[in-house]
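Chemist: The structure's right below; bear with me while I get my questions together.
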Amino acid sequence: MCAEACPVSLLPQQLLWYSQAEDHERLEAHNLFDCIECGACSYVCPSNIPLVQHYRSSKSDIKKAQEEKVKSTQARERFEFRKQRIELAEKEREAKRAARREAAKQAQASTGTDAMADIVAAAQARAAAKTTSPEQELAKLQRAVSSAEMRVEKAQVKLDSALENAEPTEKINILSAALSGAQQKLEKAKVRLAEHSN
Amino acid sequence: MAFRQVSSPHAHGAQNTARLMQLVVWATIPGLIALTWHFGWGSFINVMLASITAVISEALILKMRRRPVGFYLGDYSAVVTAVLLGLALPPLCPWWVVVIGTVFSVVIAKQLFGGLGYNPFNPAMVGYVVVLISFPIEMTTWVTPLALLPDGITHPDFLESLKLVFFSTSPMDGVTGATPLDSFKHAAGLTVDQIYQQDSLFSQAMFAGVGWEWVNLGFLVGGIVLLGSRVFTWHGPVAMLVTLALMSLIFWDSGSSQSPGSPLMHLFSGASMMGAFFILTDPVSSAVSNRGRLIYGALIGILVYIIRAWGNYPDAVAFAILLANFTAPFIDNYTLPRTYGHTDRRKATERLEDK
Ligand code: SF4
C-alpha cells in the first residue's frame, strides 16, 4: 500500500530493502533522491516502519560518499600535478647543471690551467668588496644611536598621553614596557659606538 | 527549550499489522462457512488445529531466536498462515498432516528466513506443497459434498470428525470422492457435455461444481471485502483471474474430449479464488509495483492453467504461486514505476556508468 500512497510514485518497500543493504546504486536507480520525505508511506505502513528515517540516513550517506569521492579525485589530481611539476623542475635543473658542466669543460679546454688562478683572484676581489671602511662603520653606528633615541622619545610621548587620558592600566603597562625596551636598545647602541671609537 | 529533530510522518494511520491480519482472518469466514456447510467439520478442525500449532511453534522458534515472543505473536501473522493452510488442506485429513504442514510453514518457510516481512515464499503455500508431495494419498482424498451424499448419510458430526482426524488410520470411505478438477483430469475420452451429464458433481451444480462453487464464492466475497478495505490492490487478483479465464477460453476447444474444462469451471474450482485473493496478495512475497503485480498475477494465472490442464496435479495454485514467488524480485527489477518528474521508467539494475 505504501507504493499507492507515495505521491511521487516511488516504491518505498524496495527503497527500504536497499537502504538497509546500503546498496547505493540500487537506491539511485529507484530514484531515492526524488523522495520528498512526506512520510505518506510511513503513515500507511501497518508495521510502523520508520521509512523516512531510513531514507534520510541513506540520502546523507550517499551525499557523503559522493563528496568524499569528489575530494579524493581532487586530491589525486593535485598529487599527480605536483609529481609532474617536481619532475619538470628536476629536469630543468638537470639541464642547467649539464649546460654548466659543458660550459666549464669548454672553458677549461680553451684557457687551460689559467682558469684556476682566475677563480681565486675573483674570490679575493669579492671578499675585499665586502669589508667596509671604518668611516662607514662609524656613520652606521651613529645612525643607529640616533634612531634609537628617536624611538625612546616616541615611546615616552605615547606613555605620557596615555597617562594623561587615564587609559586602562594594562595599556599603560604595555607602553612603559615598550619605553624601557627602547631605552635598553639605546644603551646598547651607545655602548657599541663607544667601543668602535676606541 | 530544545527542539528534537523529528521527521515526517507526524501522525500515523490507524492501521497496524495485527488489525490487518485480523481482518484477513475475518475475511476467510465466508469461505470457511461454505467449506463447513458442504464438506463437514473437517476444514474447521483443520483451521483450529493449524492455528494452535502455529502459535505454539511460532512462540518456540521466537524463543530460540531470542526475539520478543509476545510482540511477534501479537501481529497474528502466524494465525493467518495457519488459517490459510487449514483452509487449503483437505477436510478430515489426519492431524499429523496439519501439524507437519503448519510447523513447516511457520518455522522453516517464515522464521528461518527472518520472520514476517523477510520470507521470499508464501509460508502457507510452502507448507501445503511440502505435505502435498510427502503425503499424496491423504492430500488428495476430498470429502464428498453434502448434496451428493446418498440419502440418509451425512457428514460425521463434530465429535465424530475429531475422532476421525486424530485416531483414524486410513482415509475414510463412503464420504470421500473426487473434486471437479479430478474428474476432469480422469475422465479421458469424454466430451465436456458427457462429463457434465454423467458426473453428479456437475449435473447438480449451478455453474461449476457442487459445493466448490459456493466455497469459491465465499472466498470471492471475502476477497472483495479486503479489496474494499484496501488491504491490497486489485492488480494481482484481477490479473490472475482474467488470465486463467482467458487461458481456459483459448483452450476450451468447444467442449471436446480433450478440453480441460470451461472458464467458469476453472474460476470457481479448487483454490482459484482463495489463491487469487488470499495467497497471491501477500505483500511480502509478491511483486511490489502495480505493473509488477499485473505481470505476477498473470503469470500465476497461466501457470495454474498449464499445471491443471497438462500437469500431474489436479490443482496447481500452490505450485503456481511458489513459482511466481521466485520471479517476483526479477519482475520488480524491471517494473519500476515512472517517478513523478521523470520522463522514463528506470530499471533497478541500472548502473551509474550505464548512463
Ligand atoms: S516519504 Fe518519500 S517514499 Fe515515502 S511517500 Fe513520501 S515521497 Fe514517497
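Chemist: Suppose we keep only residues that are in a helix (DSSP H, G or I) and either small (G, A, S) or open to solvent by 60 Å² or more (accessible area, probe 1.4 Å) (or both) within segment B:69-82. Which one would you say is farthest from A:P46 (Cα to Cα)?
Modeler: By that ranking, first place goes to B:A82.
Chemist: Scan the helices (runs of 4 or more DSSP H) fully inside segment A:1-43 and keep the ones with 1 or more residues being within 11 Å of the ligand (Cβ to nearest atom) and touching a residue at least 40 places away in the same chain (Cβ under 8 Å).
Modeler: A:2-5, A:12-21
Chemist: Does segment A:29-43 contain any residue that is facing chain B (nearest Cβ under 7 Å), among the aromatic types (F, W, Y) and within 30 Å of B:G228 (Cα to Cα)?
Modeler: Yes, segment A:29-43 contains a residue that is facing chain B (nearest Cβ under 7 Å), among the aromatic types (F, W, Y) and within 30 Å of B:G228 (Cα to Cα).
Chemist: Same structure again: It is to be established whether one or more residues within segment B:28-37 are within 24 Å of B:R230 (Cβ to Cβ) and within 14 Å of another protein chain (Cβ to nearest Cβ).
Modeler: no
Chemist: Looking only at segment A:142-158, filter to residues that are more than 36 Å from the chain's Cα centre (by Cα) and under 21 Å from A:H196 (Cα atoms); which one of those is least open to solvent (accessible area, probe 1.4 Å)?
Modeler: For segment A:142-158, the residue satisfying everything is A:V145.
Table: residues versus (1) within 13 Å of the chain's Cα centre (by Cα); (2) under 25 Å from A:C2 (Cβ atoms); (3) open to solvent by 30 Å² or more (accessible area, probe 1.4 Å).
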{"position": "B:A287", "(1), (2), (3)": "no, yes, no"}
{"position": "B:N290", "(1), (2), (3)": "no, yes, yes"}
{"position": "B:W310", "(1), (2), (3)": "no, no, yes"}
{"position": "B:T327", "(1), (2), (3)": "no, yes, yes"}
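Chemist: If B:S286 satisfies all but one of (1) at the interface with another protein chain (Cβ under 10 Å from one of its Cβ atoms); (2) of a type in the set (S, T, Y); (3) touching a Phe, Trp or Tyr at 6+ places or on another chain (Cβ under 9 Å), what's the number of the condition it fails?
Modeler: Among (1) at the interface with another protein chain (Cβ under 10 Å from one of its Cβ atoms); (2) of a type in the set (S, T, Y); (3) touching a Phe, Trp or Tyr at 6+ places or on another chain (Cβ under 9 Å), the lone unmet condition for B:S286 is (1).
Chemist: Out of the residues in segment A:44-56 that are open to solvent by less than 50 Å² (accessible area, probe 1.4 Å) and in a loop (DSSP other than H, G, I, E, B), which is nearest to the other protein chains (Cβ to nearest Cβ)?
Modeler: Ranking the qualifying residues of segment A:44-56, first place goes to A:P46.
Chemist: Listed residues A:E170, A:E149, A:E187, A:E137; which is part of a helix (DSSP H, G or I) and out of contact with any helix residue (DSSP H, G or I) (no Cβ under 9 Å at 6 or more places or on another chain)?
Modeler: A:E170
Chemist: When segment B:311-348 is examined, which residues are found to be of a type in the set (S, T, N, Q) and facing chain A (nearest Cβ under 7 Å)?
Modeler: Across segment B:311-348, the qualifying residue is only B:T339.
Chemist: A further question follows. If only one of B:L60, B:L87 is within 23 Å of B:G218 (Cβ to Cβ) and either out of contact with any Cys (no Cβ under 6 Å at 6 or more places or on another chain) or more than 16 Å from the ligand (Cβ to nearest atom) (or both), which one is it? Quick ask: steps written out before the conclusion?
Modeler: Working: B:L60 fails: within 23 Å of B:G218 (Cβ to Cβ).
Testing whether each residue is within 23 Å of B:G218 (Cβ to Cβ) and either out of contact with any Cys (no Cβ under 6 Å at 6 or more places or on another chain) or more than 16 Å from the ligand (Cβ to nearest atom) (or both) leaves just B:L87.
Chemist: Same structure again: Could you tell me whether A:L51 is within 16 Å of the ligand (Cβ to nearest atom) and either within 27 Å of the chain's Cα centre (by Cα) or free of Cβ contacts under 8 Å to residues at least 40 places away in the same chain (or both)?
Modeler: Considered against the rule, which asks whether it is within 16 Å of the ligand (Cβ to nearest atom) and either within 27 Å of the chain's Cα centre (by Cα) or free of Cβ contacts under 8 Å to residues at least 40 places away in the same chain (or both), A:L51 comes out as no.
Chemist: Then there's this: Of the residues B:S43, B:S8, which is open to solvent by less than 30 Å² (accessible area, probe 1.4 Å) and within 16 Å of the ligand (Cβ to nearest atom)?
Modeler: Matching residue, one of B:S43, B:S8: B:S8.
Chemist: Tell me which of these B:R19 doesn't satisfy, since it passes every other one: (1) within 14 Å of chain A (Cβ to nearest Cβ); (2) open to solvent by less than 60 Å² (accessible area, probe 1.4 Å); (3) part of a helix (DSSP H, G or I).
Modeler: It is condition (2) that B:R19 fails.
Chemist: Quick one: B:R66 ticks every box in (1) assigned to a helix (DSSP H, G or I); (2) at pLDDT 85 or above; (3) open to solvent by 30 Å² or more (accessible area, probe 1.4 Å) except a single one, so which number is it?
Modeler: Failing condition for B:R66: (1).
Chemist: Applying the selection to segment B:261-308, what residues are over 30 Å from A:Q13 (Cα atoms) and in contact (Cβ under 8 Å) with a residue 60 or more places away in the chain? Spell out how you get there, then give the answer.
Modeler: Of the residues in segment B:261-308, the ones over 30 Å from A:Q13 (Cα atoms) are B:261-270, B:305-308.
Selection gives B:G261, B:S262, B:M265, B:F268, B:S269, B:G270, B:Y305, B:R308.
The values are calculated or read from the model by the stated rules, or taken from the named source; none is laboratory data. It should be emphasised that the depicted structure is a prediction, and the values quoted were computed from it without experimental measurement. For neighbour counting, all protein chains shown are included, and Cβ atoms are generated from backbone atoms with ideal geometry for every residue, glycine included. Ligands, DNA and RNA are excluded from the accessible area calculation, which covers all protein heavy atoms including side chains. Shrake-Rupley method; radii C 1.70, N 1.55, O 1.52, S 1.80 Å.
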